[in-house]
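> For reference, the structure I am asking about is given below.
The values are calculated or read from the model by the stated rules, or taken from the named source; none is laboratory data. The structure presented is a predicted model; accordingly, all values stated were derived computationally and were not measured. Methodologically, a virtual Cβ is constructed for each residue, glycine included, from the backbone with ideal geometry; neighbour enumeration extends over all protein chains shown.
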Amino acid sequence: MTARQLLDLLVDPGTFHSWDEPVAADHPDPDYRDALARARERTGLDEAVLTGRALLDGRPVALVACEFGFLGGSIGVATAERITRAVERATAERLPLLALPVSGGTRMQEGSAAFLCMVRVTAAVHAHRGAGLPYLTYLRNPTMGGVFASWGTLGHLVLAEPGARLGFLGPRVYEELRGEPLPPTVQRAETLAAHGRLDAIVPPERLRTFLARALAILTARPAPGTPPSSLRVSDTPVTDVPVSDTPVTDVPVTDAWESVLLSRRPDRLSALELLHHTAESFLPLDGDSALVRGLALIGGRPVMVVAQQRQGPGLPQLPFTAADLRAVRRQAQIAEELGLPLLTVVDTTGAELSVAAELDGVALEIAHCLTTLVGLRTPVLAVLLGQGSGGGALALLPADRVIAAQHAWLAPLPPEGASAIVHRDGEHAPQLARAQGITATDLTTAGLVDLVVPESADPADLRDRLAAAVTTALAELAELPYAERLAARAARNRRLGGPTSGANPS
């Protein structure tokens, strides 16, 4: 598919307006000049990229589309300058930017000059992202070399064409340098997606619909005239302000072991069920893991979502891995760039326990996740939905507010593991659960949970109550002044774990 064909597939008819200016044809190498002339005659383009502005499902967007028929979509100095100007213009006009690269990399005929231009383009993309504007990329077949290793993979959403070859070093170069062939699946889009390197694999015929949904969420704003919440903030700590009309004291005290057993029921409300019910629109991203990532529209507000998802009945539970934790951090950082609140949903048996996990740095990733969420400037809302075991759960809980289901719990280890440490057997798990203060009501005393949502025998009741609580809390957090919210968060973190004795630090 040529660049023009792809643009015709994506944008509203008759709305594309080119930003391209003529490119100088002079070059000292006559063979290269001839190659450029042939490429221009063959494609009808003067360079390997088209740029401009269009409407996509009625929404204005800036576009950069590479043309593989023009010297393999390679990026020379003039190509890079055209891309850079388009990115800068998108930033100046405050437009979302969609990049559609297909390229063998930088143009070998122009050597290091073309190679260095990847920094030029990346700097422009960095400024666009720094302005809080959405940057989306769709990697086509192939996207290689300097393009893949710079602006092609810097999107807030990185999408790819099915079966696309994506990588740093081309297979011919790899074999020449290493003396052995590159395994054919290493640089496939599906392989990268399985390792969490892509957000979604989307066929070209579905790309317009996917992008329209993403842009609808990312550019949404709450409807004017939305009634203000009843929240009043002065010197009252955020942890003492209820986020719904149901005070925590109205929730019956539950037996800790009973809560543990109920949280493990296969028919218990899952994160995906909660998200689909809460959001007016939810766009999940790819990933065959225990982590669900996505964009959601909740109460008319765009929200970044990361959620731990249990497998269905009869399926083995997927471990929560170091790669999942890295994905959480990436989504949190993107949420901050775009000015979106972050919603986390916790329901996990814990982080992966294995030799591979240790070597992959799962403990380090928990630490990095904690510091990322603690320092995030955008609002953070956490939902403790079910099981909250170990560091894999704690990593998603630093927040401005935490809502917990009545039978949700949080513990350093599953009660069976705690029993193994204390009693050298698993038989004392019920006693350990009751002694450790793991229930949702215990966690209010410890300063973590702000609202406990009661549960009944009807799973739909919990779903509806949590959906209402999440929508209300996000609206209330949006009203808090930035400095006040961060000060309240710092005070909240200082109090976590409950009251302390001794002199106050000076």
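> So, of the residues in the stretch 421-436 that are of a type in the set (G, A, S) and in contact (Cβ under 8 Å) with a residue 40 or more places away in the chain, which turns out to be nearest to W409 (Cα to Cα)?
Kept after step one, since they are of a type in the set (G, A, S), are these residues of the stretch 421-436: 426, 429, 433, 435.
Still in the list and also in contact (Cβ under 8 Å) with a residue 40 or more places away in the chain: 429, 433.
Values: A429: 14, A433: 10 Å.
Ranking the qualifying residues of the stretch 421-436, first place goes to A433.
> I'm trying to understand the selection: among the residues of the stretch 339-362, which are part of a helix (DSSP H, G or I) and out of contact with any helix residue (DSSP H, G or I) (no Cβ under 7 Å at 6 or more places or on another chain)? Before you say what the answer is, go through the steps one by one.
Initially, the stretch 339-362 is screened for residues part of a helix (DSSP H, G or I), giving 355-359, 362.
Within the stretch 339-362, V355, A356, E358, L359 meet the criteria.
> Can you pull out every residue in the stretch 312-370 that is of a type in the set (D, E) and modelled with pLDDT under 95?
Step one: filter the stretch 312-370 for residues of a type in the set (D, E), giving 324, 336-337, 347, 352, 358, 360, 365.
Those that are of a type in the set (D, E) and modelled with pLDDT under 95: D324, E352, E358, D360.
> Another question, if that's okay. Considering only the stretch 403-461, how many residues are over 16 Å from T254 (Cα atoms) and among the hydroxyl-bearing types (S, T, Y)?
1
> A follow-up question, please. Going by the structure shown, is E190 closer than 28 Å to M304 by Cα, modelled with pLDDT of 90 or more and of a type outside the set (V, I, T)?
Yes, satisfied.
> Where in the stretch 204-304 are there helices (runs of 4 or more DSSP H), lying wholly inside it, with at least 1 residues that are more than 23 Å from S389 (Cα to Cα) and either modelled with pLDDT of 95 or more or aromatic (F, W, Y) (or both)? It would help to see each step written out before you state the result.
Values: elements: 204-218, 256-263, 271-278.
Because the criterion is at least 1 residues that are more than 23 Å from S389 (Cα to Cα) and either modelled with pLDDT of 95 or more or aromatic (F, W, Y) (or both), the helices (runs of 4 or more DSSP H) in the stretch 204-304 that meet it are 204-218, 271-278.
> Answer yes or no as to whether L373 is in contact with a helix residue (DSSP H, G or I) (Cβ under 7 Å, 6 or more places away or on another chain), closer than 30 Å to L338 by Cβ and part of a loop (DSSP other than H, G, I, E, B). Give the steps one after another, and end with the answer.
Numbers: in contact with a helix residue (DSSP H, G or I) (Cβ under 7 Å, 6 or more places away or on another chain): yes; closer than 30 Å to L338 by Cβ: yes; part of a loop (DSSP other than H, G, I, E, B): no.
So L373 does not fit the description; no.
> Considering only the stretch 36-54, I want to know if a residue exists there that is in contact (Cβ under 8 Å) with a residue 60 or more places away in the chain and either closer than 17 Å to S150 by Cα or assigned by TED's automatic domain parsing to the domain that holds V147 (or both). Let's see the steps before the verdict.
Taking the stretch 36-54 as the starting set, the residues that turn out to be in contact (Cβ under 8 Å) with a residue 60 or more places away in the chain are none.
Looking through the stretch 36-54, none of the residues is in contact (Cβ under 8 Å) with a residue 60 or more places away in the chain and either closer than 17 Å to S150 by Cα or assigned by TED's automatic domain parsing to the domain that holds V147 (or both).
> Another question about this same structure. From the list G145, G170, G152, which residue is over 30 Å from P60 (Cβ atoms) and surrounded by 21 or more Cβ atoms within 10 Å (Cβ to Cβ)? Quick ask: steps written out before the conclusion?
Values: G170 fails: surrounded by 21 or more Cβ atoms within 10 Å (Cβ to Cβ); G152 fails: over 30 Å from P60 (Cβ atoms).
Going through G145, G170, G152 in turn, just one is over 30 Å from P60 (Cβ atoms) and surrounded by 21 or more Cβ atoms within 10 Å (Cβ to Cβ): G145.
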